[in-house]
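Single-structure report; data block below.
The values are calculated or read from the model by the stated rules, or taken from the named source; none is laboratory data. All of these numbers come straight from a predicted model, not from anything done at the bench. Cβ sites come from the backbone with ideal geometry, for glycine too, and all protein chains shown count toward neighbours.
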């Protein structure tokens, strides 16, 4: 899923005092909650429209609000959620899905198979962003009766791909609310009314303040089914040090995605539990690969020399991934190489030889490619005399990445390349990458699901469009062909071989330099959440905002 960090601050007292004064208004009067957990975070959702919101915390909380056919259970296994039984035809193309008969929307309306069919057809018919890319295999989906859905596919798709993406990621929305909202209207509704943010999950959004906080309250049905925490408040901080002080003072009960520079201070605190989650996040430097950018012949960005893979390879040799990973995420980071981290088991191509750090090798590559310093100013030039001077843009929220970019620029200067590092706000950076394609080198990160199918869609040609997830503009038909083939693989081994070949292509073409894998590092107070419970969920791969953690958590008092 998309890994975006939007950092804003609002004090806890101000949140409590002004809960009724913001655009995200409360959904209605409810009784005072008894058990409340407050979590600090680098961002909070800026809205609750599932078709426009893209913050990381939104994707974490989305399954609290909207159920899917499948969900991620302990150890990140795809397990049935709304789906009760799934029957697959002998040719693997027809799925007959029986849903639970006790599901209901948070406004009391029963959830039926018509809602499931409506959701998928709404996404397909209106081409609803990236969700539509997860439904390309569906030829037809219809309700057979109140609790049975029949889905017809174009081919016999790999079941893991369906369970972990098409069935798990797509939130089921209520037909009685969305049938009167056109696709065009939905994609334009940034300030989505909370009274329409109705799902069938265990928690409902009752209040939020844009970029400051969000309150989610357990539904009566969820309480009957055993959910113990009445309310979760997720509070955003722009300053990690302020968040740490609130944590120490007991104003917040936990921190989601603890900044690496805070880890040493937190590790020394008594009465806390620290849980590093499996390395499902990767950070990387991105080279502008948009064909449209180079075809435009711009005078600014991208620099034409970056189209040469030899220049990109030399820069890779000038980046010490071990140093970069530690700078960005400390001892919890793993130096990067292949596109899929070891989080993906044997799908990760661990036999790829990391290029490592070798300035002499970098100089040799540039020399042989004809990039020489002909005027003696220390900066190499292209054959027609254009200096190798590149802009390197870092998201404002990423202080660790800024350190990496700065050190890399110092190393690049040693091989005759000048890189100017600048800080850009997160949204502007994304827009400069997609759709503008106006940059030289940028920095980004993705967090992935337990199955790599979704993560591997980001470098595809299909996503290299305005509104797509492809930030680099990289497009290789060979990679796309393999992407389609791996989704149809019959066996795990067949799929592994294809995934390894895909990673070899990215390693060869170098649209990215993956330098760091890490997981979320979360921390909680032992006087609020049982440390043994927190440790057990952490060992199962759950962060403190995962649905399984949330529905099983309880206060210690």
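From 109, 44, 116, 57, which residue is touching a residue at least 12 places away in the same chain (Cβ under 8 Å) and surrounded by fewer than 23 Cβ atoms within 10 Å (Cβ to Cβ)? Answer to the check: 109. Please specify each residue of segment 49-67 satisfying the condition of being in contact with a strand residue (DSSP E or B) (Cβ under 9 Å, 6 or more places away or on another chain) and modelled with pLDDT under 90. Correct list: 54, 55, 56. For residue 181, the criteria (1) without any contact (Cβ under 8 Å) to a residue 40 or more places away in the chain; (2) closer than 20 Å to residue 98 by Cβ hold in every case but one, which is (2). Of all the listed residues (175, 245), the sole one being more than 16 Å from residue 522 (Cα to Cα) and either at pLDDT 95 or above or surrounded by fewer than 19 Cβ atoms within 10 Å (Cβ to Cβ) (or both) is 175. Looking at segment 447-460, can you tell me whether even one residue there is assigned by TED's automatic domain parsing to the domain that holds residue 406 and free of Cβ contacts under 8 Å to residues at least 40 places away in the same chain? The answer is yes; a qualifying residue exists.
In this structure, residue 472 does not satisfy being in the same structural domain as residue 314 (by TED's automatic domain parsing) and under 14 Å from the mean Cα position of the chain (by Cα). Residue 169 satisfies every condition listed in (1) over 21 Å from residue 58 (Cα atoms); (2) in a loop (DSSP other than H, G, I, E, B) except (1).
Is there a residue in segment 184-195 that is surrounded by fewer than 19 Cβ atoms within 10 Å (Cβ to Cβ), touching a residue at least 40 places away in the same chain (Cβ under 8 Å) and touching a helix residue (DSSP H, G or I) at 6+ places or on another chain (Cβ under 8 Å)? Among the residues of segment 184-195, at least one is surrounded by fewer than 19 Cβ atoms within 10 Å (Cβ to Cβ), touching a residue at least 40 places away in the same chain (Cβ under 8 Å) and touching a helix residue (DSSP H, G or I) at 6+ places or on another chain (Cβ under 8 Å), which makes the answer yes. Can you find even one residue in segment 440-462 that is at pLDDT 95 or above, touching a helix residue (DSSP H, G or I) at 6+ places or on another chain (Cβ under 9 Å), part of a loop (DSSP other than H, G, I, E, B) and farther than 27 Å from residue 501 by Cβ? Yes, segment 440-462 contains a residue that is at pLDDT 95 or above, touching a helix residue (DSSP H, G or I) at 6+ places or on another chain (Cβ under 9 Å), part of a loop (DSSP other than H, G, I, E, B) and farther than 27 Å from residue 501 by Cβ.
Just one residue in the set 117, 87 is closer than 20 Å to residue 164 by Cβ and not assigned by TED's automatic domain parsing to the domain that holds residue 216; that residue is 87. When segment 531-557 is filtered for residues that are farther than 16 Å from residue 232 by Cβ and out of contact with any strand residue (DSSP E or B) (no Cβ under 7 Å at 6 or more places or on another chain), the ones remaining, listed by number, are 532, 536, 539, 540, 541, 557. Test residue 516 against the criterion of being under 22 Å from the mean Cα position of the chain (by Cα), part of a loop (DSSP other than H, G, I, E, B) and either surrounded by fewer than 21 Cβ atoms within 10 Å (Cβ to Cβ) or touching a residue at least 40 places away in the same chain (Cβ under 8 Å) (or both), and give yes or no. Here the answer is no, as residue 516 does not meet what is asked. Here the condition is being under 29 Å from the mean Cα position of the chain (by Cα) and in a helix (DSSP H, G or I); of 306, 352, 319, it holds for 306 alone.
What's the total number of residues in segment 534-557 that are out of contact with any helix residue (DSSP H, G or I) (no Cβ under 8 Å at 6 or more places or on another chain), over 19 Å from residue 250 (Cα atoms) and surrounded by fewer than 23 Cβ atoms within 10 Å (Cβ to Cβ)? Final tally of qualifying residues: 3.
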